[in-house]
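Asker: I have a structure I would like to understand better, so I am pasting it below and will then ask my questions one at a time.
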Amino acid sequence: MPQDHAHAPDAHKLVIIGSGPAGWTAAIYAARARLDPVVYTGVPKQDPGPILPGGQLMLTTEVENYPGFPKGVMGPEMMGLFQQQAERFGTTVLMEDIARCEFSKDPAKVPHVLHTAEGKVVKAHAVIIATGATANWIGLPNEMRLATSGGGVSACAVCDGALPPFRDQPLAVVGGGDTAMEEATYLTKFGSTVYIIHRRDSFRASKVMQERFLSRPNAKVLWNKVVVDVLGKDHIEGVELEDTVTKERSTLAVRGLFVAIGHTPATKFIKGSGLEFDEAGYLLLRRRDSHTNLPGVFAAGDVSDAQYRQAVTAAGMGCQAALDAERWLAAAGVH
């Protein structure tokens with residue numbers, strides 16, 4: 001029988017950090033389980049590209065691959081619906097950043113302590129970290145402007161590549177690793193020509209991934225090139241390139257630009273907290289559940305998933321985290 005620890009009067013049973021598909025799904029499940037979850041959504045910032053409450057979907061125009069939306073749905077609208085559903089069941093939502101965490105070794109007795117960017121102290125017996133991962137951008141002003149306005153610049157080909165504006169159009173992918181190869185290969189199904197723009201004269205990607213892309217008849221590689229500007233007012237019309245060897249400038253006409261130079265998990269605020277990370281900096285989950293290496297601390301979504309990075313998989317992980325947190329709290333005797 002679990003030892004009874006009626007939850008501390010100044011502590012929440014569950015705090016969820018992050019407000020993308022994982023965070024909101026966790027909140028829906030937790031609220032319906034009467035865990036009285038509190039969601040800290042974060043605040044908008046630039047680092048160097050836009051980071052918004054709601055996650056990567058806030059930079060996505062039309063989402064066509066999430067079940068239940070046969071006509072598609074705008075990314076920000078979908079996150080708004082997720083939030084409304086979480087609030088309907090009693091989730092408390094706070095638009096603040098958690099800046100630092102002190103995790104307890106026995107959070108059933110001594111709650112975890114979270115510090116907001118405004119200096120507030122928040123206590124919780126269980127914490128779900130669902131802060132996601134942000135795409136690495138080139139950092140050009142026009143790139144960011146067209147990415148946030150739905151102007152044909154994206155960091156996810158699998159999310160956006162099949163949309164009508166990109167079909168039968170010349171498209172470009174920036175990068176040279178496995179992700180860039182995978183994204184470019186996917187785009188060859190839709191684009192008239194798909195260019196990979198790479199700053200070096202050889203790829204970092206595995207040979208298999210390279211061959212898969214290069215075998216496509218509409219695949220082309222531009223070696224030793226970097227994008228120095230993105231052209232177009234309301235929608236991308238091309239990119240300005242610079243040769244890394246000769247410094248010569250040229251223009252490439254494209255109707256879509258997909259930046260595939262990696263993602264950075266949003267984990268700065270938990271570095272040094274005792275949590276385990278993998279080699280790429282993602283929260284390490286050793287089993288097929290949401291448990292981290294610390295008791296009462298769970299992870300969900302892209303912050304712990306470098307492989308899939310899809311809204312539907314993040315939502316599934318949010319469900320897992322809420323169920324795991326509910327069971328952990330019950331087993332710990334926190335009620």
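Asker: Within the bounds of segment 233-248, is there any residue that is in contact (Cβ under 8 Å) with a residue 12 or more places away in the chain, of a type in the set (Gly, Ala, Ser) and part of a strand (DSSP E or B)?
Answerer: yes
Asker: Any residue in segment 197-220 that's within 24 Å of residue 253 (Cβ to Cβ) and not assigned by TED's automatic domain parsing to the domain that holds residue 181: show its pairings with residues that are modelled with pLDDT of 95 or more and among the aromatic types (Phe, Trp, Tyr) at Cβ separation under 6 Å, as long as the two are six or more apart or on different chains.
Answerer: Note: no pairs meet the criteria.
Asker: Please go through segment 98-116 and pick out each residue that is free of Cβ contacts under 8 Å to residues at least 60 places away in the same chain and crowded, with 16+ Cβ neighbours inside 10 Å.
Answerer: Once the filter is applied, which keeps residues that are free of Cβ contacts under 8 Å to residues at least 60 places away in the same chain and crowded, with 16+ Cβ neighbours inside 10 Å, segment 98-116 yields 113, 115.
Asker: Hey, another quick one. Looking at (1) assigned by TED's automatic domain parsing to the domain that holds residue 218; (2) without any contact (Cβ under 8 Å) to a residue 40 or more places away in the chain, can you tell me which one residue 73 breaks?
Answerer: Unmet condition: (1).
Asker: Check off (1) assigned to a helix (DSSP H, G or I); (2) of a type outside the set (Gly, Ala, Ser); (3) surrounded by 22 or more Cβ atoms within 10 Å (Cβ to Cβ) for residue 83 and give me the number that stays unchecked.
Answerer: (3)
Asker: Is it true that some residue in segment 250-267 is of a type in the set (Phe, Trp, Tyr) and assigned to a loop (DSSP other than H, G, I, E, B)?
Answerer: no
Asker: Does segment 119-127 include one or more residues that are at pLDDT 95 or above, touching a strand residue (DSSP E or B) at 6+ places or on another chain (Cβ under 8 Å), assigned to a loop (DSSP other than H, G, I, E, B) and under 23 Å from residue 320 (Cα atoms)?
Answerer: Checking segment 119-127: not a single residue is at pLDDT 95 or above, touching a strand residue (DSSP E or B) at 6+ places or on another chain (Cβ under 8 Å), assigned to a loop (DSSP other than H, G, I, E, B) and under 23 Å from residue 320 (Cα atoms).
Asker: Continuing with the same structure: Residues of segment 124-148 being over 18 Å from the mean Cα position of the chain (by Cα) and among the polar types (S, T, N, Q), which ones?
Answerer: Taking segment 124-148 as the starting set, the residues that turn out to be over 18 Å from the mean Cα position of the chain (by Cα) are 124-127, 140-143, 145-146.
Result: 142, single match.
Asker: Checking the structure you have, find out if any residue of segment 136-155 is under 30 Å from residue 325 (Cα atoms), touching a helix residue (DSSP H, G or I) at 6+ places or on another chain (Cβ under 8 Å) and either assigned by TED's automatic domain parsing to the domain that holds residue 273 or modelled with pLDDT under 95 (or both).
Answerer: no
Asker: Still on this structure, I have one more. Test each condition in (1) in a strand (DSSP E or B); (2) in the same structural domain as residue 168 (by TED's automatic domain parsing); (3) not acidic (Asp, Glu) for residue 298 and report the one that comes out false.
Answerer: Every listed condition holds for residue 298 apart from (2).
Asker: Considering 230, 226, 208, 194, which residue is on the phi < 0 side of the Ramachandran plot and in contact with a Phe, Trp or Tyr (Cβ under 9 Å, 6 or more places away or on another chain)?
Answerer: Only one candidate qualifies: 194.
Asker: For residue 184, all conditions in the list (1) of a type outside the set (Lys, Arg); (2) surrounded by 19 or more Cβ atoms within 10 Å (Cβ to Cβ); (3) under 30 Å from residue 295 (Cβ atoms) hold save one; what is the number of the exception?
Answerer: Condition not satisfied by residue 184: (3).
The values are calculated or read from the model by the stated rules, or taken from the named source; none is laboratory data. Predicted model only: the values in this text are computed from it and were never measured. Neighbour counts run over all protein chains shown; Cβ positions are idealised from the backbone, glycine included.
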